[in-house]
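The next block holds one structure in the form of structure tokens; read it before the comments.
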Amino acid sequence: MLGVDIGGTKVAVGAVTRKGEVRGEVQFAPTDTSSAQDFVRSLVEVLRQARDGVDGDLQGVGLGCAGTIDWERGIVVESPNLPVKNEPLRDKVAEALSLPTVLDNDANVAALAEARVGAARGLEHVIMLTLGTGVGGGIVLNGRLYRGVNGSAGELGHTIVMGGDDPCQCGRRGCLEVYASGTALERVARRLAAQADAGGDGTGASNGYGRALNELRERGQLEGEEVGRLALEGDQAARDAVAEVARWVGVGLANFANIFNPQMIVVGGGLGNLGELILSPARELMRQMAIAPNGETAQVKPAQLGPEAGVVGAALVAWEELGVMEPAARPGGDLH
Ligand SMILES: [Zn+2]
């Protein structure tokens, strides 16, 4: 299968075996976001080249795409970083490549990849939480991706954790994403950096607290990744910023442990790369807050697959969904 990871800045494509192994190199191309038409045209061009370069018998295409996906109809309903609305992307790709095609949400396909060949390999009940600029989620229950009625289940980042006024990117308020994302880490770090000017940690002593964060701020580099690097180096203010975000990650984990009683919650994305620095306090809080035995049962592990998770996961969805269906019932299969 061709596995395709469609992001707001780049498209990644690779040929993936039934066992989830990438054959050859994953290839990258910039995403054309100038218009819906140009986006589809350039994507199809990239996929045709990838198809023609595959040494072997291609069975189909799996597309993983950021945004709200209508799974049944193969439509990108909307996507924050792509110029498309109600775009029937699955059938357009199937027709252009003459290959059966599936289309799913990028967080869903990453969850399936971690459950099949990643951190949760072989487990039946797995939740994936992706802590990036926003917070994404994917749900694997009884060994299958859970998509809900419209294919839009798993919006774990937009579960509401506060009744307050803090606005979310989604246009609503109080979502987990507001407090437990890379964006949240930057906001907290900015607040703590301001304490360097105010004379430290509140004791009035000029003890250097927040100074390194403040220097980042003045250089315009106060980004989640840089804050994380400082925290890993042991800077106290940066560690405090990570700890504040970790508490909210823990709140999310406790909720998901209570709702799903999973064997494992896999944490990925930029914040997930901070490893135990964020996972350890978050896991501890989950154990305290979740109802027994849910909090004890759920392991919390960092994602294993890294940047190729999207490509591998999209292909695995295609393998599982196309492989078990009769050819006539395959999305795009009638065009093959
Ligand atoms: Zn939201």
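Does segment 81-90 include one or more residues that are within 16 Å of the ligand (Cβ to nearest atom) and of a type outside the set (Asp, Glu)? Among the residues of segment 81-90, at least one is within 16 Å of the ligand (Cβ to nearest atom) and of a type outside the set (Asp, Glu), which makes the answer yes. When Phe39 is tested against (1) open to solvent by less than 40 Å² (accessible area, probe 1.4 Å); (2) in contact with a helix residue (DSSP H, G or I) (Cβ under 7 Å, 6 or more places away or on another chain); (3) at pLDDT 95 or above, only condition (2) is not met.
Every listed requirement among (1) within 16 Å of the ligand (Cβ to nearest atom); (2) modelled with pLDDT under 95 is met by Asp106 save one, (1). Leu99 meets the conditions (1) at pLDDT below 95; (2) touching a strand residue (DSSP E or B) at 6+ places or on another chain (Cβ under 9 Å) in every case but one. The failed one is (1). Taken over segment 280-302, the criterion of being open to solvent by less than 40 Å² (accessible area, probe 1.4 Å) and either β-branched (Val, Ile, Thr) or under 14 Å from Ile127 (Cβ atoms) (or both) is satisfied by Ala282, Met286, Ala290, Asn294, Gly295, Ala298, Val300.
When Ile69 is tested against (1) more than 17 Å from Gly310 (Cβ to Cβ); (2) at pLDDT below 95, just one condition goes unmet, and that condition is (1).
Of all the residues in segment 141-178, those that are away from the ligand (no atom under 11 Å from the Cβ) and either open to solvent by less than 70 Å² (accessible area, probe 1.4 Å) or in contact (Cβ under 8 Å) with a residue 24 or more places away in the chain (or both) number 11.
A count restricted to segment 52-66 and to residues that are at pLDDT 90 or above and either buried (at least 19 other Cβ atoms within 10 Å of the Cβ) or touching an Asp or Glu at 6+ places or on another chain (Cβ under 7 Å) (or both) stands at 6. Scanning segment 95-123 for residues that are buried (at least 23 other Cβ atoms within 10 Å of the Cβ) and polar (S, T, N, Q) yields Thr101, Asn105, Asn108.
Only residues that are in contact with a Pro (Cβ under 9 Å, 6 or more places away or on another chain), crowded, with 24+ Cβ neighbours inside 10 Å and not in a helix (DSSP H, G or I) were counted in segment 229-266, giving 1.
When Asn81 is tested against (1) in a helix (DSSP H, G or I); (2) open to solvent by 50 Å² or more (accessible area, probe 1.4 Å); (3) within 13 Å of Thr68 (Cβ to Cβ), exactly one condition is not met: (1).
The values are calculated or read from the model by the stated rules, or taken from the named source; none is laboratory data. Just so it is clear, the model here is predicted, and its values are computed rather than measured. Every residue, glycine as well, gets a Cβ built from its backbone with ideal geometry; the counts of neighbours run over all protein chains shown. Calculation scope for accessible area: heavy atoms of the full protein, side chains included, ligands and nucleic acids excluded. Shrake-Rupley method; radii C 1.70, N 1.55, O 1.52, S 1.80 Å.
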